[in-house]
Amino acid sequence: MSRRALRIYGVFFYLFLYFPLLVMFAFSFNNASRNVVWRGFTFKWYARLLHDTELLWALATSLKLAVAAAAVASFLGLLASYVLARHRRFRGRGFYAGLFNLPLMIPEIVMGVGLLSFFAKARIPLTFWTLAASHALIALPYTIGTIRGRLLLLKDSRLEEAAMDLGATEWATFLKVTLPLAWPSIVAGALLAFTVSFEDFVTTFFVAGVGVVTMPIKIYSMMKFGVTPEINALAVCLLIFAALALGLNQLSSSGRAIESDAGPA
Amino acid sequence: MEPAVRDAGVEGERTSRAPGKRSWDEPLSWLVVGRTPLASHLLLSPASLWVLVLLVSPVTLLTLLSFAKIGAYGRILWSFSLANFGQIMRPAYLWVIGRTLVYAGATALICLLLGFPAAYYVAFAADSKRKHLLLFALMLPFWTSALVAIYCWLIVLGREGLINALMLRLGILSTPFSFLNTPFSVILGLVYFYLPYMVLPLYAALEKIPRTLIEASHDLGAGGLKTFLRVILPLSWPGVASGAILIFVPCLGDFLTAEFLGGPRTYLLGNLIDNQFLAAQNWPLGAALTVLLMGMLMSGLYFYGRVEVEETSRV
């Protein structure tokens, strides 16, 4: 294959990926309520979003949920990845590593109906907190993956050994060397967990109780109602949010190397 | 400063307690360092309990539920009966299961055909500065909700959608044509959403191929096509396998795509499960369908594992 043919293919490939998104973007400014015929430029759909109280409630719920899920997933993920990356080898390590990967391998619909039956059988009412716990479960592999990668890098850098050789105690090494150096990955993992929770639909669809309406659930019910430019505007906002979160994540997880972090401040 | 009290232990393990430390340094340091396996298990327990309680036990419960019977008003009668699995074997269900397998397979195959040249382009033809941007652009639609991806295609393909509007205006069509509710629209939606799952592992596999290997192949007289077929393609095989499994498995459980871009004629296994749990309220039957889904997932992973073992034993 010639280079040129590949380039042309590359352009078409990315056009295919972005064409529907561009259509959606364009029609979010269209001054017509149903047809996709262009009737002039308007911001009214975005303005309408700001006045949709139900939608704003859903946004608030989603944000609270994502913060709770990210906090839990980061804490659990930090503990788990610290042990997996730094403790001496022990029996059962492989079992734990496999266990923490399960939420990634099992299709979400299975988790959704499984959690629904589990909460029903255990007679636990479906509330905000059961949903937050479920979201923390989905986000856990992401925080573990991010933090563990960083801790393994840190092990190679031998900075902790140096700290101990210089007389720092185990706790001091952990608190003053390991934790600060792992911090960017904890932030990156939390951000990833936040995004995973914020965008989750399938599990939420099954586990959210009657009173809990998240943003994706709200979008789902709007879509059930029909195509309106208001959804376009909303989807554009979500797209921008995803771009920001993804960009931030890449910056905080891969931007700086261990060595430059450890340089004189 | 104090002298270094630490022996040159293995893996940062300390063998002696340093004298004269501040008192808050000492307690629980065995936990931090993981001096005993107990410490490791203890620190792992919150995360593992989370997964055991919220994932392993629900899946076990579903398995038990799939043998239960349904009573009046959706009540569950615990028993050991294979009635639910018998019901799944009826033609109406078998059709849907077959369709799901075909759609998932077709999606993986189309993603491979569309994604391979794209991954090849990013790995070999794009300059390194642009590479980051291209990978970022690839991941962005993947990070937006599946709902958004589906919604986009509703605008494009719908009866009042972009393509219909254009074709009506150009006079190609006289009445709007429904592109939705067809196998085409559902597979298109699946391909669109799952494409990055194929391109990213393919890119990772292609990126790993040493450039010197390709040069060597050229030096030894192999042409572009021969190098591609004999060097690049075999070495990208792990990427193909993981991309295929990453697409095939979630496609089996997908229900949003068929719900919006398709209809009852294109419903997939995920739609059946959704329907049994939420609309029909027949949880045992829904659980049996879920167990079937997990069975297909596990056989997929088994084949993937075998491919991987073969690969590693060959290298």
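The values are calculated or read from the model by the stated rules, or taken from the named source; none is laboratory data. Values in this document were obtained by computation on a predicted structure and should not be read as measured data. Here the Cβ positions follow ideal geometry from the backbone for every residue, glycine too, while neighbour counts run over all protein chains shown. Remember, those area values only see protein heavy atoms, side chains included, never the ligands or the DNA or RNA. Shrake-Rupley method; radii C 1.70, N 1.55, O 1.52, S 1.80 Å.
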Meets criteria (open to solvent by 20 Å² or more (accessible area, probe 1.4 Å) and within 17 Å of B:Pro141 (Cα to Cα)) for A:Glu230: no
Residue check, A:Ala168 within 22 Å of A:Phe194 (Cα to Cα) and surrounded by 22 or more Cβ atoms within 10 Å (Cβ to Cβ): no
Any helices (runs of 4 or more DSSP H) falling wholly within the stretch B:134-253 and containing at least 2 residues that are under 27 Å from A:Phe27 (Cβ atoms): B:146-157, B:162-169, B:183-208
Of the criteria (1) aliphatic (A, V, I, L, M); (2) more than 12 Å from every other protein chain (Cβ to nearest Cβ); (3) open to solvent by 40 Å² or more (accessible area, probe 1.4 Å), which one A:Leu151 fails: (3)
Evaluation of B:Gln281 against (1) more than 9 Å from every other protein chain (Cβ to nearest Cβ); (2) assigned to a helix (DSSP H, G or I); (3) open to solvent by 40 Å² or more (accessible area, probe 1.4 Å) (one fails), failing number: (2)
Set A:Ala120, A:Ala69: member being farther than 18 Å from B:His41 by Cα, more than 7 Å from every other protein chain (Cβ to nearest Cβ) and surrounded by fewer than 20 Cβ atoms within 10 Å (Cβ to Cβ): A:Ala120
Test: residue in the stretch B:238-250 that is more than 21 Å from B:Phe193 (Cα to Cα), more than 9 Å from chain A (Cβ to nearest Cβ) and surrounded by fewer than 15 Cβ atoms within 10 Å (Cβ to Cβ): no
Candidate set: the stretch B:117-131, residues that are open to solvent by 20 Å² or more (accessible area, probe 1.4 Å) and part of a helix (DSSP H, G or I); chosen: the one nearest to the other protein chains (Cβ to nearest Cβ): B:Pro117
Qualifying residues in the stretch A:87-107 (those that are assigned to a helix (DSSP H, G or I) and facing another protein chain (nearest Cβ under 7 Å)) - the one surrounded by the fewest Cβ atoms within 10 Å (Cβ to Cβ): A:Leu102
Residues of the stretch A:196-218 that turn out to be open to solvent by 10 Å² or more (accessible area, probe 1.4 Å) and among the β-branched types (Val, Ile, Thr), as a count: 6
In the stretch B:209-223, the residues that are without any contact (Cβ under 8 Å) to a residue 24 or more places away in the chain and either within 32 Å of the chain's Cα centre (by Cα) or surrounded by fewer than 13 Cβ atoms within 10 Å (Cβ to Cβ) (or both): B:Pro210, B:Arg211, B:Thr212, B:Leu213, B:Ile214, B:Glu215, B:Asp219, B:Leu220, B:Gly221, B:Gly223
Those residues of the stretch B:46-82 which are of a type in the set (Gly, Ala, Ser) and either open to solvent by 80 Å² or more (accessible area, probe 1.4 Å) or at pLDDT 90 or above (or both), in sequence order: B:Ala47, B:Ser48, B:Ser57, B:Ser66, B:Ala68
Test: residue in the stretch B:255-264 that is more than 26 Å from B:Phe193 (Cα to Cα) and not hydrophobic (A, V, I, L, M, F, W, C): no
Residues (open to solvent by 100 Å² or more (accessible area, probe 1.4 Å) and touching a Phe, Trp or Tyr at 6+ places or on another chain (Cβ under 8 Å)) located in the stretch A:43-57: A:Phe43
The lone exception for A:Leu244 - which of (1) within 9 Å of chain B (Cβ to nearest Cβ); (2) surrounded by fewer than 19 Cβ atoms within 10 Å (Cβ to Cβ) it fails: (1)
The listed residue being of a type outside the set (Val, Ile, Thr) and more than 27 Å from the chain's Cα centre (by Cα), out of B:Gly105, B:Gly171: B:Gly171
Count of the stretch B:145-163 residues which are more than 21 Å from A:Ser62 (Cβ to Cβ) and among the β-branched types (Val, Ile, Thr): 3
Matching residues in the stretch A:29-61 - criterion: being in contact (Cβ under 8 Å) with a residue 60 or more places away in the chain and more than 32 Å from the chain's Cα centre (by Cα): A:Ala32, A:Ser33, A:Arg34
Which numbered condition A:Pro125 fails, given (1) more than 26 Å from A:Leu246 (Cβ to Cβ); (2) part of a helix (DSSP H, G or I): (2)
Residue that is farther than 25 Å from B:Leu246 by Cβ, small (Gly, Ala, Ser) and either more than 8 Å from every other protein chain (Cβ to nearest Cβ) or part of a helix (DSSP H, G or I) (or both), where the choices are A:Ala133, A:Ala139: A:Ala133
Residue within the stretch B:242-254 that is of a type outside the set (Lys, Arg) and without any contact (Cβ under 8 Å) to a residue 40 or more places away in the chain present: no
Output for the stretch A:173-193, where each listed residue is surrounded by fewer than 19 Cβ atoms within 10 Å (Cβ to Cβ) and in contact with an Asp or Glu (Cβ under 6 Å, 6 or more places away or on another chain): none
Test: residue in the stretch B:268-279 that is touching a Pro at 6+ places or on another chain (Cβ under 9 Å) and over 18 Å from B:Ile150 (Cβ atoms): yes
